[in-house]
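Data first, discussion second: the structure below is written as structure tokens.
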Amino acid sequence: MSRIMVSAPGKLMLLGEHAVVYNHPCIVTAVDQRMYVNVEVLDEPVFEFYAPDVQVVSYKKPLSEIGKGDIPKGARFVEIAVKEILHFVQNDNIGLKVTTKSEFSSQFGFGSSSASTVCTIKAVSEILGLNLTNKEIFDLSYKTVLDIQGKGSGFDIAAAVYGGTIYFVTGGKIIEPLDVKKLPLVVGYSGIKADTVTLVNQVKKSFANRQDKLTEIYNNIGVLVYKAKDALINMDWQKLGKLMNKNQDLLRELGVSIKKLDNMIKLAIQAGAYGAKLSGAGGGDCMIALHSVQGKLSVQEAIKKAGGDVINVKTNAEGVRIEK
Ligand code: PMV
């Protein structure tokens, strides 16, 4: 095989962010906006990369230089993913041209970096005929993310690999697909770009002298995520909504919510949402609100009234797959 196209979904964190970095569970769902990665074998041992969505239009280096030197931000995840997989198979003599195309803006925090990492690992492994399991793809992709960011639970990688809705514990200690038939969610974008690592570090720093309090908050988040798993499977939206609200209170205590998100959440609940919370690291990006059958429109209007953009996504999307 000399060419392959692979796609993977973006993600939405439902509950458990931040605590999941420190050995607690979270629940994440894959969304139907996808990242597409095309990989082509070249005749000479070079790495070429095109990602017009993130302004990388012509990037080429000898394979021996892969992972070295100053890597442009938009190329980092794909380049290190290629390095990891070639290292895994001890292949240092192949030429690869990688092209990425995203259906979603990297602004939303839907996990474009993790989706492109997963696609790259999957595509190169197929080209090399490796037949990797999903867990092996997860492990190599997670290693890539840790190489670059140094931090992260890997929940976004799991969503990109497995798809669906997942109960997940740090580093893939548990990856449990949940049988979720529907999930009546509205997603609102705050218009503010957030940086995950900055927020994780911010929490660590602001609780440096209150470690017990931080442990208590994380434990409480862990407990409510566990309860939310049953509520979600049983489609008990009232209960799930209450747990989302409690999770949001704890995220506020962590100091990661912001006025704009708080307002979008408040108005969504006033408009009848069962529950609402920020989704992801906080500091911006998106919020989610759980709505009743008739309540969708009014929750969407409330989010717009608070200055947010409603983003239409379907949850529970399929995981990484070969396109052609
Ligand atoms: O900012 P996002 O959407 O990638 O979510 C980050 C969630 C954290 O728990 C804060 C970090 C992580 O890796 O789990």
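The values are calculated or read from the model by the stated rules, or taken from the named source; none is laboratory data. All values reported here derive from a predicted model rather than from experimental measurement. Ideal geometry is used to build each Cβ from the backbone, glycine not excepted, and the neighbour counts take in all protein chains shown. Each accessible area value is taken on the protein alone, full model and side chains, heavy atoms only, with ligands, DNA and RNA left out. Shrake-Rupley method; radii C 1.70, N 1.55, O 1.52, S 1.80 Å.
I'm checking my understanding of the structure. Among residues of the range 13-44 that are more than 30 Å from Leu128 (Cβ to Cβ) and among the polar types (S, T, N, Q), which one is surrounded by the most Cβ atoms within 10 Å (Cβ to Cβ)?
Top of the filtered list is Thr29.
Considering the range 138-167 alone, what residues qualify as being near the ligand (Cβ under 10 Å from one of its atoms), touching a residue at least 60 places away in the same chain (Cβ under 8 Å) and polar (S, T, N, Q)?
Within the range 138-167, just Ser153 meets the criteria.
I'd like the residue in the range 68-94 that is under 14 Å from Gln55 (Cβ atoms) and within 16 Å of the ligand (Cβ to nearest atom) and, out of all such residues, is least open to solvent (accessible area, probe 1.4 Å).
So, considering only residues that are under 14 Å from Gln55 (Cβ atoms) and within 16 Å of the ligand (Cβ to nearest atom), the one least open to solvent (accessible area, probe 1.4 Å) is Arg76.
Looking at Val223 and the list (1) at negative phi; (2) touching a residue at least 24 places away in the same chain (Cβ under 8 Å); (3) over 21 Å from the mean Cα position of the chain (by Cα), which single condition is not satisfied?
Checking Val223 against (1) at negative phi; (2) touching a residue at least 24 places away in the same chain (Cβ under 8 Å); (3) over 21 Å from the mean Cα position of the chain (by Cα), the one that fails is (2).
Given the options Lys61, Lys97, name the one that is in the same structural domain as Asp32 (by TED's automatic domain parsing), open to solvent by 10 Å² or more (accessible area, probe 1.4 Å) and closer than 18 Å to Met5 by Cα.
Lys97
Check Ala281, Ala289, Ala276 and return the single one that is open to solvent by 10 Å² or more (accessible area, probe 1.4 Å) and not in a helix (DSSP H, G or I).
Ala281
Can you tell me which residue in the range 105-137 is farthest from the ligand (Cβ to nearest atom), limited to those that are part of a loop (DSSP other than H, G, I, E, B) and within 15 Å of the chain's Cα centre (by Cα)? Let's see the steps before the verdict.
Going through the range 105-137, the residues part of a loop (DSSP other than H, G, I, E, B) turn out to be 105, 109-111, 128-133.
Pick out the ones that are also within 15 Å of the chain's Cα centre (by Cα) and you get 105, 109-111.
Working: Ser105: 13, Gly109: 4, Phe110: 8, Gly111: 6 Å.
Out of the qualifying residues, it is Ser105.
How many residues does the range 292-316 hold that are hydroxyl-bearing (Ser, Thr, Tyr) and assigned to a loop (DSSP other than H, G, I, E, B)?
Selection size over the range 292-316: 2.
Does at least one position in the range 188-198 carry a residue that is open to solvent by 10 Å² or more (accessible area, probe 1.4 Å), within 16 Å of the ligand (Cβ to nearest atom) and over 21 Å from the mean Cα position of the chain (by Cα)?
no
What residue, among those in the range 148-187 that are of a type in the set (Val, Ile, Thr) and over 28 Å from Lys296 (Cα atoms), is surrounded by the fewest Cβ atoms within 10 Å (Cβ to Cβ)?
Among those that are of a type in the set (Val, Ile, Thr) and over 28 Å from Lys296 (Cα atoms), it is Ile174.
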